[in-house]
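Since the structure comes first, as structure tokens, the remarks are kept for the end.
The values are calculated or read from the model by the stated rules, or taken from the named source; none is laboratory data. Since this is a predicted model, take the numbers as computed values, not measurements. As a convention, Cβ positions derive from the backbone with ideal geometry for all residues, glycine included, and neighbour counts pool all protein chains shown. Heads up: the accessible areas ignore ligands, DNA and RNA and are worked out on the full protein's heavy atoms, side chains in. Shrake-Rupley method; radii C 1.70, N 1.55, O 1.52, S 1.80 Å.
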Amino acid sequence: GKNWNEADALARTMVEDAKTDGSGNTVYYVSPYDNPLLWTGHSTAVDEIIDQLSCNGGDDDVRIGAILASVGGGGLLSGILEGLERNYYRGGGGGGGRRSEIIRGTKVMACETEGAASFAASLVANSLDSENNSNDDDDGDGNGNGNANEERSLTMKRLDGITSVATSLGALEVTPAVIHRAHRHQRRGRCDDTSAGGGEDVLSYTCTDAEAVDACVKFALDHRMLVEPACGAALAPIYSERLRGRLLEELSGMRQSSSGDGDRGSSAIVVEVCGGGGGRAGVLVG
């Protein structure tokens, strides 16, 4: 098909046909991104990051300043936000324990390429400040579910097509769950820290195909690992001078807390490096 959605539609049709072909085979459709079990699996990456930053001999003042991740359908991003929410509420209301402190103020950079930016489109269409999202619920249980009825208030945006070389990001529309989770993360940031740039946030980063490919090449030279342009979208804010300047500027507010209690310590920038199936040399040099 022309994009992932056409392949997905074919897969769903094949499953339905198999259910009625009389063979007796048991078949299931499994979404690659729109499933709570997948989100919870992805969320454990946040647990691992916190564990590493909490290990003996580490900097007691270090926090997660930002997590950068590519977005296709929103499964990975939903999981990252779930992991942050779960660890935020460990210890009670986001106020207790080292784990909660490590992620306090963490910004999540949702990275896409131009021509595949379905998350960016829906995030803009559903601004946290809009009237329709004023009742977006945070139930405080840390499981990432929120209010089961909240999806009714969203206006999801669907792209007409995918025009990027990062075809692995080619979902025309993200899962609504990722927008709600982004809203909850943003709302916690507003409650925790009123200083400029100091609180939790979810920010959309859109790079060009050239920037994504260039990031893949530079990453390969630095780490001898070949990844695909979909992953390059998450690496672009590190390697692209244009995007790196924006990233550092947006993180600068984390150094000072709203209460004026001084330097908040070091901030780690974490990049979720995943996606190598499409990392062919011809894509990067073509």
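List of remarks:
- Ranked by how many other beta carbons lie within 10 Å on average, peptides 41-54, 229-242, 18-31 from highest: 229-242, 41-54, 18-31
- Cβ-defined net charge surrounding residue 164, 10 Å radius [Lys, Arg +1; Asp, Glu -1]: -3
- Carbon/sulfur fraction of accessible area - the stretch 1-116, other protein chains in place, 1.4 Å, %: 51 percent
- For the stretch 1-86, radius of gyration divided by Kirkwood radius, i.e. Rg to Rh on alpha-carbons: 1.20
- Residues whose placed amide H lies under 5 Å from that of residue 63, excluding near-sequence neighbours: 266, 267, 268
- Peptides 5-15, 107-117, ordered by how many other C-beta atoms sit within 10 Å of their residues on average, highest first, read 107-117, 5-15.
- Less than 5 angstrom separates the built amide H of residue 205 from those of 110, 111, 112, all sequence-distant by 5 or more or on a different chain.
- Protection proxy ranking, peptides 202-210, 155-163, 177-185, average beta carbon neighbours within 10 Å, highest first: 177-185, 202-210, 155-163
- Across the stretch 33-40, rounded Karplus estimates of 3J(HN,Hα) from the backbone phi angles (6.51 cos²θ - 1.76 cosθ + 1.60, θ = phi - 60°) give 8, 9, 7, x, 5, 5, 4, 5 Hz, Gly and Pro being marked x.
- Rounded, prolate or oblate (a/c below 1.5 giving rounded, otherwise prolate when a/b exceeds b/c) for the stretch 158-254 by Cα gyration tensor: oblate
- Accessible area of residue 122 in the full protein assembly, 1.4 Å probe (Å², nearest 10): 0 Å²
- Approximate spin-label separation residue 13-residue 242, in nm, with each point projected 7 Å along Cα-to-Cβ: 3.9 nm
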